[in-house]
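These notes are about the structure you will find just below.
Just so it is clear, none of the values below were taken in a lab; they were calculated from the coordinates. Note that this is a predicted model, so its numbers are computed, not measured. Glycine gets a Cβ as well: all are built from the backbone with ideal geometry, and neighbour counts include every protein chain shown.
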Amino acid sequence: MTTAKRERVIKIRVTDEEFARLKGLSGDERLAEWMRSQCLGHDKAAGRRRTPVPKADPALLRQLAGIGNNLNQVARRVNSGEWGAVERVQVIAVLMAMERALQALSVPSTEVT
């Protein structure tokens with residue numbers, strides 16, 4: 001896909017039957033993207049818009065941000081050399097336990113409902 005901005009518009013007139021046929025041929029793809037791929041040989045995936053980000057609970061996002069900040073602080077302390085080997089092993093053990101707990105909570109689907 002080129003990075004040039006698309007500024008030109010092409011308008012065509014079709015009958016209801018032609019329009020229905022074009023929509024049927026394009027399937028779930030947007031008609032303009034399908035026509036570009038058919039007429040110009042563009043990669044179908046190249047022009048697709050990103051999937052919209054699902055809405056998330058703001059309180060949950062604040063909690064996740066707090067967890068991320070805490071993990072960054074732990075990593076900074078571990079890497080600073082302030083802690084000895086025993087403390088670092090303890091931190092690793094706790095992080096591994098957290099990872100196992102998170103894996104137990106995870107679901108195979110990535111859909112958010």
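Quick notes on this one:
- Residue order, fewest to most beta carbons within 10 Å, for K55, K23: K55, K23
- Calculated FRET efficiency for the pair A65/A93, C-beta based, R₀ 25 Å, to 0.05: 0.50
- With a Förster radius of 35 Å applied to the C-beta separation of K11 and V53, the computed FRET efficiency comes to 0.60.
- Neighbourhood net charge (13 Å Cβ-Cβ; Lys/Arg +1, Asp/Glu -1) for V74: +1
- Ranking of L105, L95, L61 by count of other Cβ atoms within 10 Å, fewest first: L105, L61, L95
- Packing-based exposure ordering (other Cβ within 10 Å, fewest first) of L60, L22: L60, L22
- Overall form of region 58-105 per C-alpha gyration tensor (a/c, 1.5; a/b vs b/c): oblate
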